[in-house]
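Only one structure is covered here, and it is reproduced in the block below.
Just so you know, all these numbers are worked out from the coordinates, no wet-lab data involved. Computed from a prediction, not measured in an experiment: that's the story for all the values here. Cβ sites come from the backbone with ideal geometry, for glycine too, and all protein chains shown count toward neighbours.
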Amino acid sequence: MKITDRITKIVVGENEPDPFKYGGVYPPNVFLVSGKNRSVYIDTAHGKPEEIQEHISVWESQGKPEIAGIILTHRHSDHIGGAQELGEQMRAPVISTSVEKIAIEKESSATVGLTPKDGEKLDLGDTTLYFIHTPGHTMGSLCIYLEEDKVLFTGDNILGLGTTVISPDEGNMTSYIKSLHKMLNYDIKKICPGHGPEIDTPIEKIHELIEHRHQREIQMLEL
């Protein structure tokens, strides 16, 4: 599914909530971002054989462009499966934050080869990506900003519908709120989330999430 000329969305399973397969949420989204010279994958889903084959088929349909990296937004199994296999097939490094690297390598076969710094740029040729460290859903969560299309890929920090889980074992609410404010520093016209449909009112959505968490804090204090 084409989101823009540069972005292809690959949905594993039907693009609707399935309480039996995905814990009641939309299945994970995978994105192929294509530049003039190189492309990247953002997340890889569960790593089932049919999913890996689908990713490869999309890559082949675009002429097997050079893949600059397999970018993983965070450590969870529904986003990192098959990353190593795809990386080997496409001769591309797996990319994530240094915080997530340990967990990803523990939970999967993937070896994280590149850990970009906050704000680091990746040039694909007429297409520029920025890596944004956004702890919250997990402490090493990563967003990716596509400058030319003004699109923010948020992983599970922002979902297409509803709100994300902030577990004290893996994430932090204070860091999450700071990350939401940090996103507002970018000129965003669309959000491509880790699950669910794209968000065409991104600034309103971010403010809505900040206010939602603020109201939750007030409710907790009033208990």
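Report, in degrees rounded to the nearest 10, the 0 to 90 angle that the Cα long axis of helix 173-183 makes with the longest principal axis of the chain.
Between helix and principal axis, roughly 60 degrees.
Could you please rank Ser39, Ser141, Ser34, placing first whichever residue has the fewest other Cβ atoms within 10 Å of its Cβ?
Fewest-to-most ranking of Ser39, Ser141, Ser34: Ser34, Ser39, Ser141.
What full-extension length gain, to one decimal in nm, is calculated for Met1 and Met173 as 0.36 nm per residue of separation minus the Cα-Cα distance?
Length gained between Met1 and Met173: 58.6 nm.
Given 0.36 nm per residue, what is the gain on full extension from Arg91 to Ser61 after removing their alpha carbon distance, in nm?
9.1 nm
Specify the residue with the greatest mean-square fluctuation among Thr115, Thr97, Thr73, computed from a Gaussian network of the chain linking alpha-carbon atoms under 10 Å apart.
The residue that fluctuates most here is Thr115.
Mean-square fluctuation check for the chain, GNM, Cα pairs under 10 Å: which of Val12, Val33, Val165 is largest?
For the chain, modelled as a Gaussian network with Cα springs under 10 Å, the answer is Val165.
At 222 nm, what helix-only mean residue ellipticity would the chain give, in deg cm²/dmol to the nearest 500, using -39500 (n - 2.57) for each DSSP H run of four or more?
About -9000 deg cm²/dmol.
Based on DSSP, what percent of beta bridges with both residues in the chain are antiparallel, to the nearest 5?
65
Decide, for region 47-134, between rounded, prolate and oblate: order the square roots of the alpha carbon gyration tensor eigenvalues as a ≥ b ≥ c, take rounded if a/c falls under 1.5, and otherwise choose prolate if a/b is larger than b/c, else oblate.
Oblate, since a/c reaches 1.5 and b/c is not below a/b.
Take Lys121, project a point 7 Å from its Cα along the Cβ direction, then tell me which residues of region 144-166 have their backbone nitrogen under 17 Å from it.
Those under the cut-off are 144-151.
Using mean Cβ contacts within 10 Å as the protection proxy, how do 60-68, 205-213 order, highest first?
The peptides rank, most packed first, as 205-213, 60-68.
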